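Read-outs: derived from the displayed coordinates by stated rules, not from any lab. Computed from a predicted structure; not experimentally measured. Positions of Cβ are generated from backbone atoms using ideal geometry, with glycine treated the same way; all protein chains shown enter the neighbour counts.
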Amino acid sequence: MDSCRQTFGSNKYDLNRLNSFTLFASDDQYDYSINPCAIVPPDTCHTHTVPNEMSCQYQRAFHQWSTMSFLNGQSPWPPNANATFTENPDGPGTGIFMTTSNGDPCFGTTRYMRMKFICDKTIEQPSNISIVEWLKCDFHVEIRAAQACTIE
């Protein structure tokens, strides 16, 4: 996804470097799969397949899934908004925020997801993330990875 390449001042980021990783999280009710800037492989979302799905949520008790975000311009739901990006407010070069609001309908709105990519050079093979639903349909994700660091 071209928008996953961002520049803030002299800091350049390319989250496409995470495309080969599917990131996972679970809580007491749900399983989550995220493939930043790329399509989630179908086997990671309990075998369901949705075109252009970038992240999914699976409710184990009812065996139901929802798409949390789609690739830019690919959501079937209005307003089909593109992801927005800002640099991590913890300081230049520390990472990037990616915000999406183009997931499946959720109690009268679309799912909102704010992903905080934190530069951590010790994690070269990321697989786990932390995720919290702060408000209904409002998810905050933290991803630590070397790929969230600036590029030359």
Residue exposure sequence - 47, 110, 86 - by fewest surrounding Cβ within 10 Å: 47, 86, 110
For the chain, with +1 on Lys and Arg beta carbons and -1 on Asp and Glu, the positive-most of 24, 65, 55 along the dipole: 55
Lys, Arg +1 and Asp, Glu -1 on Cβ, resulting dipole of segment 42-152 about Cα centre, debye, nearest 20: 260
Over the Cα atoms of segment 15-67, what radius of gyration and what Dmax do you get, in Å? 10.7, 34
Within 10 Å of each residue's Cβ, count the other Cβ atoms and sort 28, 120, 43 from fewest upward. 28, 43, 120
Taking neighbour Cβ counts within 10 Å as the exposure measure, how do 13, 112 sort from fewest upward? 112, 13
Taking the DSSP beta bridges in the chain as the whole, what percent of them are antiparallel, to the nearest 5? 80
When Rg is the radius of gyration of the Cα atoms in the chain and Rh is its Kirkwood radius, what does Rg/Rh come to? 0.95
In segment 48-82, the chymotrypsin sites (Phe, Trp or Tyr not before Pro) that sit in a DSSP loop and have at most 10 other Cβ atoms within 10 Å of their own Cβ are 62
Using θ = phi - 60° and Karplus 6.51 cos²θ - 1.76 cosθ + 1.60, couplings along segment 60-65 (whole Hz; Gly, Pro as x): 5, 5, 10, 6, 10, 10
